[in-house]
Amino acid sequence: MEATAEQAQWFQIRPGLVVESLRIAHCEMPTSEDDVVQAWCWLRFRPADVEETTDPTNPLAPGKARPCSPCGACLLRLMAAAAAENKNVQPAISAEDPQMAVLVRKAQWLLDDAASYLPLGRGTARDRDVLVTTLDELVTRVREGGRPGLPNGQAVG
């Protein structure tokens, strides 16, 4: 799949259809069809349930909704595809790695929680330890190309 940041089309579920914490900005795959909008994270949406939004990393664009937090899996896959296109190499992170997707989502949830409690000086040492451990694991997996590592840091495979 070819993608560049300039071509990326961002969307999110319309307000009122789900609880606000589930409104995440997703990036649409170029292969989406008229009856379904497929995100880079492989989730599929009905076109009537979504609204177009500005790229979460750019200033607001006229006529587009203010973006919610971006989907971590969409961001990773979009960046990997754009990097692969620019370098003519395959993305290091496989789109079919469900364990990586789960780890990214876990990190996203923990970071969302930390964004509310850390600035207020709240949260326990255990909360911080869980966040740091998860982020360390994610960084290790990304550096190893998405494959789980051995205890001594060697990649499996």
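Can you pull out every residue in region 32-43 that is over 17 Å from Ser69 (Cβ atoms) and surrounded by 13 or more Cβ atoms within 10 Å (Cβ to Cβ)? Those that are over 17 Å from Ser69 (Cβ atoms) and surrounded by 13 or more Cβ atoms within 10 Å (Cβ to Cβ): Ser32, Val37, Gln38, Trp42.
Pairs are defined by a Cβ separation below 7 Å, a sequence spacing of at least 6 or placement on different chains, a first member in region 118-146 that is exposed (fewer than 14 other Cβ atoms within 10 Å of the Cβ), and a second member that is among the aliphatic types (A, V, I, L, M); no pair meets this definition.
Those strands (runs of 3 or more DSSP E) of region 1-105 in which 2 or more residues are of a type in the set (Val, Ile, Thr) and at pLDDT 85 or above occupy 50-53. If you go through region 51-64 and pick out every residue that is more than 17 Å from Ser21 (Cβ to Cβ) and buried (at least 19 other Cβ atoms within 10 Å of the Cβ), you end up with 0.
The values are calculated or read from the model by the stated rules, or taken from the named source; none is laboratory data. All values derive from a computational prediction rather than experimental measurement. No Cβ is skipped: glycine too gets one built from the backbone with ideal geometry, and neighbour counts run over all protein chains shown.
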